[in-house]
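Chemist: This is the structure I have questions about; it appears just below.
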Amino acid sequence: MEVVYILAILLWVVFFSIQGMYLIMGLKQTKKDTTVRKDLTERKMSILVPAYNEEKVLASCFTGFKNLDYKNFELIIINDGSSDNSMKLLHDLLDLKEVDLEPKNKLTYNSITNTYVSVTYPNVKVLDKLNGGKADALNAGADYALGEIIITLDADSILQKNALIHVNEAMEDPNVLAGGGMVHVGQMYQQSKPSFKGKGLVRYQLSDYMLSFYVKRFVQSKLGVVSVVSGAFGAFRAFALYEIGGYKKTVGEDMEITLNVQKLIKNVYKKGKLVFIPKAECYTEVPDNYGDLKKQRIRWQKGFLDSLMIYRKRRKRDLGFKLVFFIFLDSLLPGYIGIVTTFLLAWSIITGKLLGLTAALLAATAVMQILQRMGAYAVSKKYGYAYSKMDYIRIFLFSVVELVTYRLLDMYFFIYGSIAFVFQRNHKWNKMERSGDVFIYANDIVYTKPGILTNTLPLQEAATTITVSGNPVVSSK
């Protein structure tokens, strides 16, 4: 047992060092930056929104496009065989006209049944296709895209008005092949201002997102070891996306394509970069109940393992030792540490041996995790997301409480997802139910006969209420 304990302490030292590095680099190397570069030439961008039974959120998602302060883009909504009223909503919202659109025939995907262009918004296209899953829908959209930059966005995500400007700025560096934006928890914003009031389960996810993006993703970008460009908001050079063959049909298509881009960088474009773009922001809906959160997090774990299995035979040659080693340290080690620590704590309590040392290790870990979370909120302030003094007190107290409550779910999802990956042969998408409750704009705009899609509105001047057949579909009330 002493050997196990020594090994556990060594693993803990490595884990603690990595987490300390995240905190120090995240605080030291991030700088206050709220600048908006509107002086740059706008690259043509194609925004892909895959949609399967998304009638509850498509309207609010469209509000983000209405509000964009960027003109040179097209929006492609891919209806992936929805069985709800998604297509009816799109017809009513966009005034669609059936038009023959030409694909590039560079990628494979299920058959397209119809292609449409909006009469009201000529830069909005809709592809109606047979159901094939998210990866299949994204490949279809990319094959019809005309932009040199392809943006992938979840249907429940709402772009911040300057998001594409910041992506355009990042792409000024010709070596950047792909990048991920900052994903905010939409339920925690009231009239575009951050707040720490809400359900405990949602606040737990808010702190998780803040740490994962503002600290961890930032540091990973600096070190060149980004392993996931979030499916909620990603940007890719079109030629790179085509060169790697688009998305593969996996549970974790966002991680798989990220690793595929990393493979392209290692083996073809030696100076290529995959970066985090913190000023390019979107707001997404996260699960607000345990059932949907469980589905999501187990899918994430299964997708992570599935992606690693794809590259298992040639992982060092395809991805490089640095990336593979960092994936182990950052993604697998914390799960193992949680399991081992829980076991050792139980053993120490039962036997009375090394109880003091175990308690000290747990206390040090708790302090580090609280500091990381507070550090993440400090970084968010540098990018214009400051909370009230009372909210910072709430954040600190919640960070303490969640250690013995919500954070225990992390270990459960890690174990359950890993076991499910091994024993469940049919890895389903397990799509969560949308509530359509995310609104980041203050006032309602009722779409009757909309103007130009690129007509920009101030960030706090727009939200959406859309009426279809006399029934309100989405409202900010």
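Chemist: Please count how many residues of the range 316-330 are surrounded by 18 or more Cβ atoms within 10 Å (Cβ to Cβ) and under 10 Å from LYS266 (Cβ atoms).
Modeler: Adding up the residues that qualify gives 4.
Chemist: Given the conditions (1) of a type outside the set (Lys, Arg); (2) assigned to a strand (DSSP E or B); (3) touching a residue at least 24 places away in the same chain (Cβ under 8 Å); (4) surrounded by fewer than 21 Cβ atoms within 10 Å (Cβ to Cβ), which single one is not true for ASP84?
Modeler: The number of the failed condition is (2).
Chemist: Are any residues in the range 296-312 crowded, with 18+ Cβ neighbours inside 10 Å and not in a helix (DSSP H, G or I), and if so, which ones?
Modeler: Answer for the range 296-312, where residues must be crowded, with 18+ Cβ neighbours inside 10 Å and not in a helix (DSSP H, G or I): just TYR311.
Chemist: Condition first: touching a residue at least 40 places away in the same chain (Cβ under 8 Å), surrounded by fewer than 22 Cβ atoms within 10 Å (Cβ to Cβ) and either among the hydrophobic types (A, V, I, L, M, F, W, C) or farther than 19 Å from PHE328 by Cβ (or both). Can you find one or more residues in the range 250-257 that meet it?
Modeler: Yes, the range 250-257 contains at least one residue that is touching a residue at least 40 places away in the same chain (Cβ under 8 Å), surrounded by fewer than 22 Cβ atoms within 10 Å (Cβ to Cβ) and either among the hydrophobic types (A, V, I, L, M, F, W, C) or farther than 19 Å from PHE328 by Cβ (or both).
Chemist: Out of the residues in the range 157-181 that are part of a loop (DSSP other than H, G, I, E, B) and in contact (Cβ under 8 Å) with a residue 24 or more places away in the chain, state the one that is surrounded by the most Cβ atoms within 10 Å (Cβ to Cβ).
Modeler: Step by step, filter the range 157-181, then rank; the result is SER157.
Chemist: Still on this structure: I'm trying to understand the selection: among the residues of the range 1-38, which are acidic (Asp, Glu) and in a helix (DSSP H, G or I)?
Modeler: Once the filter is applied, which keeps residues that are acidic (Asp, Glu) and in a helix (DSSP H, G or I), the range 1-38 yields only GLU2.
Chemist: Would you call GLY338 without any contact (Cβ under 8 Å) to a residue 12 or more places away in the chain and in a helix (DSSP H, G or I)?
Modeler: no
Chemist: Still on this model: Quick one: count up the residues across the range 96-128 that are assigned to a loop (DSSP other than H, G, I, E, B), over 27 Å from the mean Cα position of the chain (by Cα), loosely packed, with under 15 Cβ neighbours inside 10 Å and of a type outside the set (A, V, I, L, M).
Modeler: Total satisfying the criteria: 6.
Chemist: Pairs needed: first member in the range 193-211, within 14 Å of VAL401 (Cβ to Cβ); second member anywhere, among the basic types (Lys, Arg) and surrounded by 15 or more Cβ atoms within 10 Å (Cβ to Cβ); C-beta distance under 7 Å; at least 6 residues apart or different chains.
Modeler: Once the first residue is within 14 Å of VAL401 (Cβ to Cβ) and sits in the range 193-211, its partners that are among the basic types (Lys, Arg) and surrounded by 15 or more Cβ atoms within 10 Å (Cβ to Cβ) give PHE196/ARG203; PHE196/ARG394; SER207/ARG373.
Chemist: Check off (1) more than 15 Å from GLY198 (Cβ to Cβ); (2) at pLDDT 90 or above; (3) surrounded by 15 or more Cβ atoms within 10 Å (Cβ to Cβ) for GLY436 and give me the number that stays unchecked.
Modeler: (2)
Chemist: Across the range 223-242, what is the total count of residues that are at negative phi and part of a loop (DSSP other than H, G, I, E, B)?
Modeler: 8
Chemist: Sticking with this one: Suppose we keep only residues that are of a type in the set (Phe, Trp, Tyr) and over 28 Å from PRO334 (Cβ atoms) within the range 17-66. Which one would you say is modelled with the lowest pLDDT?
Modeler: Only one residue fits best here, namely PHE62.
Chemist: Can you confirm whether LEU345 is surrounded by 15 or more Cβ atoms within 10 Å (Cβ to Cβ) and within 17 Å of PHE213 (Cα to Cα)?
Modeler: no
Chemist: Ok, one more. Does ILE327 satisfy being in a helix (DSSP H, G or I), at pLDDT 85 or above and of a type in the set (Val, Ile, Thr)?
Modeler: For ILE327, the condition - in a helix (DSSP H, G or I), at pLDDT 85 or above and of a type in the set (Val, Ile, Thr) - is met.
Chemist: Tell me, which helices (runs of 4 or more DSSP H) wholly within the range 345-425 include 1 or more residues that are closer than 17 Å to TRP12 by Cβ?
Modeler: 355-382, 408-423
Chemist: Filter the range 256-298 for residues that are within 26 Å of LYS31 (Cβ to Cβ) and within 16 Å of the chain's Cα centre (by Cα) and give the result.
Modeler: Passing the criteria: THR258, LEU274, VAL275, PHE276, ILE277, PRO278, LYS279, ALA280, GLU281, CYS282, TYR283, THR284.
Chemist: Hey, among the residues in the range 379-402 that are aliphatic (A, V, I, L, M) and surrounded by 16 or more Cβ atoms within 10 Å (Cβ to Cβ), which one's nearest to ARG217 (Cα to Cα)?
Modeler: VAL379
Chemist: Hey, does the range 55-63 have a residue that's in contact with an Asp or Glu (Cβ under 7 Å, 6 or more places away or on another chain) and part of a helix (DSSP H, G or I)?
Modeler: Scanning the range 55-63, I find at least one residue that is in contact with an Asp or Glu (Cβ under 7 Å, 6 or more places away or on another chain) and part of a helix (DSSP H, G or I), so the answer is yes.
Chemist: If you don't mind, another one. List the pairs whose first member sits in the range 27-39 and is touching a residue at least 12 places away in the same chain (Cβ under 8 Å), whose second member is among the polar types (S, T, N, Q) and surrounded by 12 or more Cβ atoms within 10 Å (Cβ to Cβ), and whose Cβ atoms are under 9 Å apart, counting only residues at least 6 apart or on separate chains?
Modeler: As it stands, the answer is VAL36/ASN162; ARG37/ASN168; LYS38/ASN162, since those pairs meet every condition given.
The values are calculated or read from the model by the stated rules, or taken from the named source; none is laboratory data. All figures in this text were calculated on a predicted structure; none of them were measured in a lab. With ideal geometry, Cβ positions are generated from the backbone for all residues, glycine too; neighbour counts draw on all protein chains shown.
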